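Participant: My questions all concern the structure below.
The values are calculated or read from the model by the stated rules, or taken from the named source; none is laboratory data. Owing to the predicted nature of the structure, the values given are computational and were not obtained by experimental measurement. When we count neighbours, we look across all protein chains shown, and the Cβ atoms used for this are built from the backbone with ideal geometry, even at glycine.
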């Protein structure tokens, strides 16, 4: 063996020894799962069973008035009820209740009388015939019930009664139909549904719903303490410096630690899987009883873990990268909680089996592994989908594993020069602006949403003028103060930039037309569910007079949203970032604030264009003008006007004007700098 | 002093600056020049924050210098750090031990990392265990050892590969009387072994007792450098304490 | 347990000091205040968007149906006047000439909501239908029809395939509607009023519970467990921080040197931790309540009729018990945390301890358990059951007082235990264990 591989082996060995000799950690990671799994399942199974038994053996008291039913049905009903469980029936006289109309809302007097009749019983049943019909034999007697939904026994009573009633109704109808027509005319259509699903596959699919969630929990749980021990622990113990003075490449050390983290995590996962299988083998998991299915399950469970390995590699790398930044164990722990949440989200099962969603999930980090696990558990592990998912996950893992090598760079490791913190310290302005904007988005979503639910028109106005505008001003004030400018200067209101203003206005028709096209395109890939189109959402807004609509939908957002996003946010970001990054962040946040996945792309693009306008003209007015014109055109389109297609060509002179304004601003800047330099000289 | 051509430790214009988020740019080391010969014991005296640790770390190849060059045994620390580390032994106050390993396993591990061949390594470990009297407790966990015992293990580890140069960063800080005494004896013993020792301290009595030459470092620069006699002559003071104060507060240059 | 009036002020002072230092820690602010407030709205928003996304796509997914009939009747499937015409029209919800649309024409997504398209008509019986399903270009489901009157149709599908489940969910209700239509048509033809077909009609049901208690009842299933979890996680880190964390930072000795009774110091710390736990819990509950309320108002606006009012009285009833519980949790966690020397040790000690809280909490969420006098004395279980019963509006003052008393007793026992540990520590066991040789250099 070469010296290098011997060193690697010794590093791995020392790390493993340190971990294995930590008895408490070993116990928690390897022994506890084997004990806890069966225990937990046994306890929950026991509780569930005893709860169910208790429910089924509960004596339910019924208050019944079934005189209006025919003899046969009455007997059937009582027999069916008794079959459901022990009952205690009491016959009452509920004729008074028949006077109330079952189809309209309950009146207080109905409540009163029903409660009185219900008394101590769990369910009150009354059968009434409609007195308004000429002959009683024309209409069927209606069975009505009263219950207390806050009482578990009452709910159980209703459940049992409904089942019994359904049986009675079915047989009564069949009898009646045979009586009338000789046969049931609908019987020819009544389709039997024959589900060909393989029960193991079905069970595997059900299990697969929550298996990835459990896997990620276990994974992060085991990987995090190993990573913490390996990286942050090294620093805490004070052994890091010694390691760095050894004549070996720092990359080797990091890689050795990474390997240990992966191996221990895989071992821990396997032990957990064994615990789960042992539980299944002991018959403690409902639905996995026979030994045959348990064997099959064992094979699939381990195959699922095999398929999950790329995810393990990825998560271990991510955790190593994170814990290496922590100076103490505690700091490392603090960083882990948000990570846990972020890692949890992709594991949530997506309902339905939409191909587009499936394949895009396969290529997404983490979600792809969840998908692969689910497919394997459901028995279709050998498919292109799973293979693609694994390959994609490996690619993602590789991206992160590559960076693990640089983790133990001496300078960074000893925190003498923390480049991240340094960069962060310099970006104070933009972070402030970002924080304000995130807070604003949150407030707009939560408070604004509530306001708009209460009253759409007033709420919208209040949200924009009362929340967005003040927050924009407050946020910009801090930026202005730090830059020693006036508020107007920071927000870009002082410079009018007439060329850009005109240019922006000329862009509006093209954008309005483009919006229509974009939306149609989006509808093909991301169709809106039925009932969620624009009309249903905007409801009350559409009934306003035109001027009010223009004010509320065109002018108000133009002013308030621009001040917040292109004013406060953009000016804060501009201090620390270049054009492209600023535009990107502004566009993304603007898209997010509209709180709908269907509006994200259109509003995001609009946000980007508005940001570019503002950046190129150093003035907010063109953006306000464009936004107002764009929204205004959309409102007019809603009124029935059509924007002529030819007007899209106006965009070209518009862009030209904007470019011209940009040149003008740049020349002005150069002159300004030259003057300053001259003055200083 | 035996004149050999090549200095064991050489630093030319060594500089180091950091970016502290609160204080902005910090120049920890502002140009240090050192020439330490083999077999010499050199003490770096200075206050906390004077730049001792940064200098030593640069020489030990843990930190890259912002400017300047350093050479250990003629080898540049930036161009071939791994070769440098083969000839270097490093000990600092924060040099800890793996709590759940035994001293023997620790020595074995670092021996392998140094690339010592397995047969030679076993013999060497045995030798060190004997020299430092570690055999009775060589197979118990490090976390169960007393301070003095841990010190011995750390020293053994630093000497495992028989380095030509030893760099010690405040080796006696936080130790009790007996442990400090043991450390001082150990450093003295290196003179006989012909190892060059560079150590930093702010305890003047140690410097007085051990050093062939002393360098006084203040605010990232070496203000004075020389034997005790030379420094006394330079400042006109007798006690090292006064020498130090006059140099640091007076700002006299070497 | 002697709590003198004057030393109680000291307790408050120490508690205040601990709280101040915790609140100034950025991490604590982030996790105890920002995170609970932000988490639930964000999660709910994401859930709603994902739901819309999936539903939208599902609705616009076309189900491909294969039709199979006995060989002698294949030609007449779907022809005008045949029994199958009605069935197929009901399933596809289109006019007959549009059943097997031209596959080259683009599908109109706007009108193509919940579409079912017949891809092929073949001859055969059940075995052939099963075989057809397992072929490579199989339809999502196969409808077996017999054109003679009296023969039943059968819908064959596989719920684990990509669209089999969707096909079944879409087609079955339509078949049921068609059956009903046939009955109505027959009734009309024979001059029978439709209502006569039903021998027994369902008149619906009415709920006699007041609206407030409905919401409370729904919450009574999850909220108790949630409250226990949140109190626990709110107290976890502060408990370790205030004991082991202090030791790590080295300020532990300083606190012990104050001319104050050890027990007082401990009580102060417990109070601080309890206050933090309470804050975290309240914020979580508030955020959750607001998010769910927001969601409900959104659904209300969408036309759904949900009669829910926020049960403020129920919340008011829970609060005193919740406060006592927070105190109990803080005290219990501190007993174990105060033995730890480092943060890591503290975590290792408290981690498994959490199980002791989680298991009873989960048990209490199972239906069927009722708060009895005996159960009222079991620490965590009693709180969960009491919360549940209070939310359901049950009036049982004896049991609730028992719960309160038992919580208090256990908490005080815990405080006593922690004090005892502290005394032992002073009597000679070393306070620090060297985790590393020497200390970090300057």
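Participant: Test each condition in (1) at pLDDT 90 or above; (2) not in a helix (DSSP H, G or I) for residue A:469 and report the one that comes out false.
Facilitator: Result: residue A:469 passes all but (2).
Participant: Now a separate question. Residues that are more than 8 Å from chain A (Cβ to nearest Cβ) and out of contact with any helix residue (DSSP H, G or I) (no Cβ under 8 Å at 6 or more places or on another chain), at least 1 per element: which strands (runs of 3 or more DSSP E) completely within the stretch B:1-111 meet that?
Facilitator: B:9-20, B:24-36, B:41-45, B:67-72
Participant: Name the single residue, out of those in the stretch A:41-68 being within 12 Å of chain C (Cβ to nearest Cβ) and assigned to a loop (DSSP other than H, G, I, E, B), that is farthest from residue A:140 (Cα to Cα).
Facilitator: Here the residue is A:58.
For every residue, the table says whether it meets (1) modelled with pLDDT of 80 or more; (2) at the interface with chain C (Cβ under 8 Å from one of its Cβ atoms); (3) surrounded by 16 or more Cβ atoms within 10 Å (Cβ to Cβ).
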{"residue": "A:327", "(1), (2), (3)": "no, no, no"}
{"residue": "A:333", "(1), (2), (3)": "no, yes, yes"}
{"residue": "A:347", "(1), (2), (3)": "yes, no, yes"}
{"residue": "A:354", "(1), (2), (3)": "no, yes, yes"}
{"residue": "A:366", "(1), (2), (3)": "yes, no, yes"}
{"residue": "A:369", "(1), (2), (3)": "yes, no, yes"}
{"residue": "A:375", "(1), (2), (3)": "yes, no, yes"}
{"residue": "A:380", "(1), (2), (3)": "no, no, yes"}
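Participant: Identify the single condition in (1) under 26 Å from residue B:29 (Cα atoms); (2) crowded, with 21+ Cβ neighbours inside 10 Å that residue B:161 does not satisfy, given that it satisfies every other one.
Facilitator: For residue B:161, the exception is condition (1).
Participant: For the stretch A:424-434, state whether one or more residues are assigned to a helix (DSSP H, G or I), surrounded by fewer than 16 Cβ atoms within 10 Å (Cβ to Cβ), modelled with pLDDT of 80 or more and more than 14 Å from chain B (Cβ to nearest Cβ).
Facilitator: Checked the stretch A:424-434: no residue is assigned to a helix (DSSP H, G or I), surrounded by fewer than 16 Cβ atoms within 10 Å (Cβ to Cβ), modelled with pLDDT of 80 or more and more than 14 Å from chain B (Cβ to nearest Cβ).
Participant: Taking residue A:74 as meeting all but one of (1) in contact (Cβ under 8 Å) with a residue 12 or more places away in the chain; (2) assigned to a helix (DSSP H, G or I); (3) closer than 22 Å to residue C:197 by Cα, write down the number of the exception.
Facilitator: (1)
This table checks each residue for (1) crowded, with 16+ Cβ neighbours inside 10 Å; (2) touching a strand residue (DSSP E or B) at 6+ places or on another chain (Cβ under 8 Å); (3) under 30 Å from residue B:242 (Cβ atoms).
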| site | (1), (2), (3) |
| --- | --- |
| B:39 | yes, yes, yes |
| B:48 | no, no, yes |
| B:59 | yes, yes, yes |
| B:67 | no, yes, no |
| B:78 | no, yes, no |
| B:81 | yes, no, no |
| B:87 | yes, yes, no |
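Participant: Something else about it: Would you call residue A:457 at pLDDT 80 or above, over 30 Å from the mean Cα position of the chain (by Cα) and either within 30 Å of residue C:292 (Cβ to Cβ) or not in a helix (DSSP H, G or I) (or both)?
Facilitator: no
Participant: What do you reckon, is residue A:148 under 37 Å from the mean Cα position of the chain (by Cα) and within 30 Å of residue C:219 (Cα to Cα)? Outline the logic, then answer.
Facilitator: Working: under 37 Å from the mean Cα position of the chain (by Cα): yes; within 30 Å of residue C:219 (Cα to Cα): yes.
Criteria met by residue A:148.
Participant: Related question: Return a yes/no flag: does the stretch C:229-246 have any residue that is within 13 Å of another protein chain (Cβ to nearest Cβ), touching a strand residue (DSSP E or B) at 6+ places or on another chain (Cβ under 8 Å) and either more than 17 Å from residue C:273 (Cβ to Cβ) or modelled with pLDDT of 75 or more (or both).
Facilitator: Looking for residues that are within 13 Å of another protein chain (Cβ to nearest Cβ), touching a strand residue (DSSP E or B) at 6+ places or on another chain (Cβ under 8 Å) and either more than 17 Å from residue C:273 (Cβ to Cβ) or modelled with pLDDT of 75 or more (or both), one finds none in the stretch C:229-246, hence no.
Participant: Right, something else. Given C:91, C:119, which one is at pLDDT 75 or above, within 12 Å of chain A (Cβ to nearest Cβ) and surrounded by 14 or more Cβ atoms within 10 Å (Cβ to Cβ)?
Facilitator: The match here is C:91.
Participant: Right, next: Test residue A:596 against the criterion of being closer than 27 Å to residue C:294 by Cβ and either in contact with a strand residue (DSSP E or B) (Cβ under 7 Å, 6 or more places away or on another chain) or in a loop (DSSP other than H, G, I, E, B) (or both), and give yes or no. Break it down stepwise before answering.
Facilitator: Details: closer than 27 Å to residue C:294 by Cβ: yes; either in contact with a strand residue (DSSP E or B) (Cβ under 7 Å, 6 or more places away or on another chain) or in a loop (DSSP other than H, G, I, E, B) (or both): yes.
Yes.
Participant: Considering (1) surrounded by 13 or more Cβ atoms within 10 Å (Cβ to Cβ); (2) closer than 23 Å to residue A:491 by Cα; (3) at pLDDT below 85, say which one residue A:631 fails and leave the rest.
Facilitator: The number of the failed condition is (3).
Participant: I want to confirm something. Restricting to the stretch B:146-184 and keeping residues that are away from chain C (no Cβ under 13 Å) and assigned to a loop (DSSP other than H, G, I, E, B), which single residue is nearest to residue A:18 (Cα to Cα)?
Facilitator: B:160
Participant: Let me ask something else about it. For the stretch B:117-145, give me each residue that is within 25 Å of the chain's Cα centre (by Cα) and facing another protein chain (nearest Cβ under 9 Å).
Facilitator: B:142, B:143, B:145
Participant: Another question about this same structure. In the stretch A:156-192, how many residues are in contact with a helix residue (DSSP H, G or I) (Cβ under 9 Å, 6 or more places away or on another chain), facing chain C (nearest Cβ under 8 Å) and crowded, with 16+ Cβ neighbours inside 10 Å?
Facilitator: Matching residues across the stretch A:156-192 total 16.
Participant: For the stretch A:90-115, how many residues meet the condition of being under 16 Å from residue A:145 (Cβ atoms) and within 13 Å of chain C (Cβ to nearest Cβ)?
Facilitator: 13
Participant: Something else about it: Pick from A:576, A:669: which is over 16 Å from residue A:508 (Cβ atoms), crowded, with 16+ Cβ neighbours inside 10 Å and at pLDDT below 85?
Facilitator: Just a single option satisfies the conditions, and that option is A:576.
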